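Report on the structure given below.
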Amino acid sequence: MDLILPYLATLAIFFFVYNILTWGLNIQFGYAGVLDFTFITFVACGAYFSGVFALGPGQKSTGFEWILGLSWPFPIALVMGALAAGLLGIVIGLIAINRLRSDYMAIVTLATGTVIYGLVSNYTPLFDGFDGLAGLQTPFTQWLNINYNQFTYLWVGFCAVVMVICWFIAQRILNSPLGRTMRAIREDQEAAEAFGKDSVRVRLIAMSMGAVLAGVGGALLMGFIGAFNPAGWTSGETFVVWAALIVGGRGNNWGGVVGSFVVAVLVNEATRYIPPIPGNATLIPTVRNMLIGASLIAVLWLRPEGIIPEARRRFYQLPLLPGRRTPAEGVGSAGS
Amino acid sequence: MESGGVSLVLQSVGFGLVTASVLALASVGLTLQFGVTNYINFAYGTYLVLAAYFTMALSTRAHLPFLLAAVLACLAMGVVAVGIAKGVMQHFVSRQAPLFYLLIVTFGLSLIIENLVQAIWGPGFQTYNLSVGSPLSLGPFSLTPIQLVIIGLAVLAMVAIHLMLSRTSLGKAMRAMSDNKDLAQVSGIDTERITTWTWFITGCLAGLAGIALTVTTVSFNPASADSFLFVIFAAVILGGIGRPYGAMAAAAILGIVTEVSAVVVSSTYKDDIAFVALVVVLLLRPQGLIATRGKA
């Protein structure tokens, strides 16, 4: 009991955080069709900024140096981390999102992420380079006088509350006129623009909103682990969120929940606790990464809409008009 | 001091020629495929690495002469590229899946290949059993014999690509498909056969580039081509998608610019210069140096 409960609590925290991350990517890609191939950079942005707002000042003499170091209470630091990620989303979006072909979007996001990764890893005054941030006291414990296990349970509750707030934000956007515009642009950018929609602006909003959720998820990880360094956000981590979204089903947030459970919890987190095979310590992470890449391809091959497909929305059609069929419609449902 | 600065810059131009050669091999290979198939291959960087590991396995483990190992590895990489295209990409292309499917699929492939390489050969750094030789002074440049061989090889390959594109029916068909695939098809071009050959050539060029890259960096690991991939993308976009001559020119420019900039700023940020170039190109001239209609 002493071992299983904290373990399950840890898995629950990862599940809740990955739900938030998958919804964030869903807003960017599932709603608006933005190919963000550097999603993990926004997660890292949220983690780093919430960290430097919550941590005390870094001291160069002790080998720990970072910007800010304001010792703010963690909930405020979390909001600052999310805002920082949202701002970064706008900056990267301004470069990546234009009316050019979608490959460019993918190339530029991936390239920007690689550059930022190199910069953060090598330039130590920012976030202490490869060593990263460390030594964040577990939030709330100084007021509540609880031990680490109790903190884990507390954090499950805190993540759950934040997750529910994020769920309402994501659902609110999905069902709003803004969300409808996002989907229209995803389906046919030119047609949406012909109706007067500013596709670049709407996609920038989607990019930034998704980045905010990524930042929230990153901040929650930072608060739980208390440390964050470049080893935690290699480009492979972006695939985990992508696989969760594609496997679960994009365009609806329940798909994100299923995907984050299957990919991020069952495949990704649970396999971390398998003891390493003697003589080949990196084999399990390697096989896990291959599984994640293969699951992406397999789902797009066999069931491209994911486990939970996006619900088709019905609009009133004049009964006298001949049944129009859009490519997304299944056979048999057209013209009804 | 003044003359020291000048010779340092000239010396870096020499290194720039080496980088440009490697980049030209890689970006011409990518742009040919990009033009013919009309989607970008995010797994291309791992093709470079895979060929390097093939060469390493054949030369240091199977004890073949390095040159023979390199040739075999390039051909093998061509076959592997065709196999991946037929086995995986073809499924999505023939069903006319949206473009982002293929981008995600190649993205997933890069994860699979990089980790497969790591599972087979381990995550550590590898080297070839190859003596680099002492640098030779040629005017202001000082380059090792191996570096000279790479430059010569790249020039030869570019001439061969030029002859293929301008003289052979395969090359002409590739250019026709790159311009307008449907028109090429109704003109009686066997587009499937041309696509297969394109994948073979792109695989061979990726192999050649990968071996040249890892010979110049001396040691390499499964992630060695990760950041180089963006320099390749920058060259392909700067040159105009599907424009091999544009890619050659862009490779020459980017190769020399990144190496000379390493004199001014730290060489840690060398790849960032290529990224800045990529962003500037995308903002100012997204169609590339040589415009390709319908591909911007």
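The values are calculated or read from the model by the stated rules, or taken from the named source; none is laboratory data. The model shown is predicted, which means the values in this text are computed figures rather than measured ones. Cβ coordinates were reconstructed from backbone atoms using ideal geometry, including for glycine residues, and neighbour counts include every protein chain displayed.
When B:Val186 is tested against (1) buried (at least 24 other Cβ atoms within 10 Å of the Cβ); (2) out of contact with any Asp or Glu (no Cβ under 6 Å at 6 or more places or on another chain), exactly one condition is not met: (1).
Yes or no: B:Ser27 within 14 Å of chain A (Cβ to nearest Cβ), under 26 Å from B:Ile253 (Cβ atoms) and surrounded by 21 or more Cβ atoms within 10 Å (Cβ to Cβ)? Yes: the conditions hold for B:Ser27. All conditions but one from (1) within 14 Å of chain A (Cβ to nearest Cβ); (2) over 17 Å from the mean Cα position of the chain (by Cα) apply to B:Val231; the one that does not is (2). Under the condition of being under 30 Å from A:Asp188 (Cβ atoms), modelled with pLDDT under 90 and aliphatic (A, V, I, L, M), the residues counted in region A:51-99 number 4.
Table: residues versus (1) within 14 Å of another protein chain (Cβ to nearest Cβ); (2) over 25 Å from B:Ser267 (Cβ atoms); (3) surrounded by fewer than 22 Cβ atoms within 10 Å (Cβ to Cβ).
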| position | (1), (2), (3) |
| --- | --- |
| A:Phe49 | no, yes, no |
| A:Val52 | no, yes, no |
| A:Leu55 | no, yes, no |
| A:Val79 | no, yes, yes |
| A:Leu88 | no, yes, no |
| A:Val108 | yes, no, no |
| A:Ala111 | yes, no, no |
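Test B:Thr191 against the criterion of being among the hydroxyl-bearing types (Ser, Thr, Tyr) and either in contact with a His (Cβ under 7 Å, 6 or more places away or on another chain) or under 21 Å from B:Leu23 (Cα atoms) (or both), and give yes or no. So B:Thr191 fails the test. Close Cβ contacts (under 9 Å, 6 or more residues apart or on different chains) running from residues in region B:55-66 that are in a loop (DSSP other than H, G, I, E, B) to residues that are of a type in the set (A, V, I, L, M) comprise B:Ala62/B:Ala69; B:Leu64/B:Leu58; B:Leu64/B:Leu72.
Mind checking which helices (runs of 4 or more DSSP H) fall wholly inside region A:118-209 and carry at least 3 residues that are touching a Phe, Trp or Tyr at 6+ places or on another chain (Cβ under 8 Å)? Don't jump to the end; show me each part of the working.
Numbers: elements: A:124-127, A:141-144, A:148-174, A:177-187, A:189-194.
Output list reads A:124-127, A:148-174, A:177-187.
The single condition from (1) at pLDDT 65 or above; (2) surrounded by fewer than 18 Cβ atoms within 10 Å (Cβ to Cβ) that A:Asn253 fails is (2). Looking at region A:71-83, is at least one residue out of contact with any Gly (no Cβ under 6 Å at 6 or more places or on another chain) and over 17 Å from A:Gly223 (Cα atoms)? No. Tallying residues that are at pLDDT 90 or above and either outside any helix (DSSP H, G or I) or in contact with a strand residue (DSSP E or B) (Cβ under 9 Å, 6 or more places away or on another chain) (or both) within region A:1-32 yields 1. Restricting the first member to region B:261-279 and to residues that are within 20 Å of A:Ile97 (Cβ to Cβ) and facing chain A (nearest Cβ under 8 Å), and the second to residues that are crowded, with 20+ Cβ neighbours inside 10 Å and of a type in the set (S, T, N, Q), the beta-carbon pairs closer than 8 Å and six or more apart or on different chains are B:Phe275/A:Thr112; B:Phe275/A:Thr114. Out of all the residues in region A:270-291, is one or more modelled with pLDDT under 75, among the aliphatic types (A, V, I, L, M) and either closer than 20 Å to A:Ala12 by Cβ or assigned to a helix (DSSP H, G or I) (or both)? The answer is yes; a qualifying residue exists.
The single condition among (1) surrounded by 23 or more Cβ atoms within 10 Å (Cβ to Cβ); (2) among the aliphatic types (A, V, I, L, M); (3) outside any helix (DSSP H, G or I) that B:Ala223 does not satisfy is (1). Taking the conditions exactly as written (more than 9 Å from chain B (Cβ to nearest Cβ), crowded, with 22+ Cβ neighbours inside 10 Å and of a type outside the set (Val, Ile, Thr)), does A:Ala84 satisfy them or not? Answer is yes for this residue.
Out of B:Tyr39, B:Tyr47, report the one residue that is part of a helix (DSSP H, G or I), closer than 30 Å to B:Arg95 by Cβ and aromatic (Phe, Trp, Tyr). Working first, answer last.
Working: B:Tyr39 fails: part of a helix (DSSP H, G or I).
Of the residues listed, the single one that is part of a helix (DSSP H, G or I), closer than 30 Å to B:Arg95 by Cβ and aromatic (Phe, Trp, Tyr) is B:Tyr47.
With A:Thr141, A:Thr181, A:Thr152, A:Thr124 as the choices, which residue is within 20 Å of A:Phe53 (Cα to Cα) and more than 14 Å from chain B (Cβ to nearest Cβ)?
On inspection, the qualifying residue turns out to be A:Thr141.
Tell me, yes or no, whether region A:57-65 has at least one residue that is away from every other protein chain (no Cβ under 14 Å) and touching a Pro at 6+ places or on another chain (Cβ under 7 Å). Yes, there is a match, as at least one residue in region A:57-65 is away from every other protein chain (no Cβ under 14 Å) and touching a Pro at 6+ places or on another chain (Cβ under 7 Å).
Selection within region A:233-257: residues that are more than 13 Å from chain B (Cβ to nearest Cβ) and aromatic (Phe, Trp, Tyr). The member of this set that is nearest to A:Asn268 (Cα to Cα) is A:Trp233. Checked against (1) modelled with pLDDT of 85 or more; (2) at positive phi; (3) crowded, with 19+ Cβ neighbours inside 10 Å, B:Thr214 meets all criteria but (2). Scoring B:Met77 on the criteria (1) at pLDDT 95 or above; (2) surrounded by fewer than 16 Cβ atoms within 10 Å (Cβ to Cβ); (3) of a type in the set (A, V, I, L, M, F, W, C) leaves a single failure, condition (2).
Screening the candidates B:Ala97, B:Ala51, B:Ala43, B:Ala69 for the property of being crowded, with 21+ Cβ neighbours inside 10 Å and within 14 Å of chain A (Cβ to nearest Cβ) yields one hit, B:Ala43. Scanning region B:189-216 for residues that are touching a Leu at 6+ places or on another chain (Cβ under 8 Å) and in a loop (DSSP other than H, G, I, E, B) yields a count of 0. Residues of region B:148-183 that are crowded, with 17+ Cβ neighbours inside 10 Å and β-branched (Val, Ile, Thr): B:Ile150, B:Ile151, B:Ile161. The set of residues from region B:113-128 being touching a residue at least 12 places away in the same chain (Cβ under 8 Å) and either within 29 Å of A:Ser102 (Cα to Cα) or more than 7 Å from every other protein chain (Cβ to nearest Cβ) (or both) comprises B:Ile113, B:Glu114, B:Asn115, B:Val117, B:Ile120, B:Trp121, B:Gly124, B:Phe125, B:Gln126, B:Thr127, B:Tyr128.
Scanning region A:232-250 for residues that are of a type in the set (Gly, Ala, Ser), surrounded by fewer than 24 Cβ atoms within 10 Å (Cβ to Cβ) and touching a residue at least 60 places away in the same chain (Cβ under 8 Å) gives A:Gly232, A:Ser235.
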